[in-house]
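Read through the structure below, which is laid out as structure tokens, and then see the notes.
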Amino acid sequence: IFDLVIIGAGISGLAAASAAHKTGQHVVVIDKGRRIGGRLSTRRADGFTFNHGAQFVTAKGDAFSAVLHAAETAGALARWQIADDKTAFAGSPTMRDLPVFMGQGLDIRQDMEIASIMPHPLTGTNNNGLCLTDKNGTNLLTRKLIVTAPAPQTARLLRDIEPAMAALADTALYAPCWTAMYGFDAMPIMPTLPIRNRDCAIGWAGLEQTRPHADQHYPAITIQASADWSQHWIEASKDEVIAALFDTLASETGVELPRPVMSAAHRWLYAKVIRPATIDTSIAPHGITNAGRSIAIAGDWLGGARVEHAYDSGLAAINALSI
């Protein structure tokens, strides 16, 4: 029996797990994906490396600042001048290196997708715990649970056992993001990168070699479409998106790119929080926990679009469960 199970190995889940682990709790993090980090994601394919999720991280508060500085000291982050007036932290050599640093020493289990959450009596006590069952029929017993999945997935998981918490998750709203990745056999001539323009079709375009400490051997460009463009193209095929964003980059920059030798696309349905959940006691009387304080929810969708919001939410969930 675990003291705490955390669903989701993104930044909020890793923050919560690390805090619980430091207090001596028997904690496990489970995730349906093959890699930790959520949207702090990196893809390697055909000799190319693409940071196709969050491009950088920043911190305003002391808690997340301490994590970023520790990661920088360990070589997992590096400072990056992304604009004349803005310096941020980039993963070193990839964005995935930050969650890998945060996950050191934690029990993290991948490829586990939870299908149901049910009350379960704890042996030798008068208290109920929880039984989590994954899609392969594997059961996990725990005293407490934190769900850090995106809001729509959190709502689906909690709809039957804690409908008020599911209703709270329903109040969050996301913008999607199409990301396209292009690999070249020769260095393309490019304007100043990265491009950052939320008002155009391309919200971000970056040459992977320009990232600090990049371990890229072959030239590669990552393009992230704006929220409006991504919503308009939400049902498009990957091939359509790859072609459209390639042509758009050329037209918006005036640069004629060579044809890529490889290309790929990824659709982030829950890329950016544009309306955080409304913490309203008329919807969820106990806020981010249930009445028995055995279940809590966490995620950037409870605070805002920044990675730091996810981190702070993970710590808030630990505090709400009195761990």
Answer yes if at least one residue in segment 40-63 is farther than 20 Å from Asp215 by Cβ, modelled with pLDDT of 95 or more, in contact with a strand residue (DSSP E or B) (Cβ under 9 Å, 6 or more places away or on another chain) and not hydroxyl-bearing (Ser, Thr, Tyr), and no otherwise. yes
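Yes or no, residue by residue, for (1) under 21 Å from Met181 (Cα atoms); (2) among the small types (Gly, Ala, Ser); (3) out of contact with any Ser or Thr (no Cβ under 7 Å at 6 or more places or on another chain):
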| position | (1), (2), (3) |
| --- | --- |
| Ile1 | no, no, no |
| Ala9 | no, yes, yes |
| Ala15 | no, yes, yes |
| His21 | no, no, yes |
| Gln25 | no, no, yes |
| Arg44 | yes, no, yes |
Given (1) among the β-branched types (Val, Ile, Thr); (2) under 20 Å from Tyr270 (Cα atoms); (3) surrounded by fewer than 18 Cβ atoms within 10 Å (Cβ to Cβ), Thr73 misses just (2)
When both residues are 6+ apart or on different chains and their Cβ atoms are under 9 Å apart, which pairs have a first residue that lies in segment 57-81 and is more than 10 Å from Leu98 (Cβ to Cβ), and a second that is in a strand (DSSP E or B) and among the hydroxyl-bearing types (Ser, Thr, Tyr)? Thr58/Thr87; Arg79/Thr87; Trp80/Thr87; Gln81/Thr87
Looking at segment 71-96 only, could you name the residues that are within 20 Å of the chain's Cα centre (by Cα) and aliphatic (A, V, I, L, M)? Ala71, Ala76, Leu77, Ala78, Ala88, Ala90, Met95
Any residue in segment 215-243 that is within 30 Å of Ala76 (Cβ to Cβ) sitting within a Cβ distance under 8 Å of a residue that is at pLDDT 95 or above and among the basic types (Lys, Arg)? List the pairs, counting only those 6 or more apart or interchain. Ser230/Arg267
Identify the residue in segment 139-189 that is touching a strand residue (DSSP E or B) at 6+ places or on another chain (Cβ under 9 Å) and among the β-branched types (Val, Ile, Thr) and, among all such residues, is farthest from His286 (Cα to Cα). Thr179
Step by step: first the residues of segment 124-163, then only those that are aliphatic (A, V, I, L, M) and within 18 Å of His26 (Cα to Cα), then the one that is surrounded by the most Cβ atoms within 10 Å (Cβ to Cβ). Which residue is that? Ile146
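The values are calculated or read from the model by the stated rules, or taken from the named source; none is laboratory data. Every value quoted in this text rests on a predicted model; they were computed, and no experiment measured them. So basically every Cβ, Gly included, is an ideal-geometry build from the backbone, and we count neighbours across all protein chains shown.
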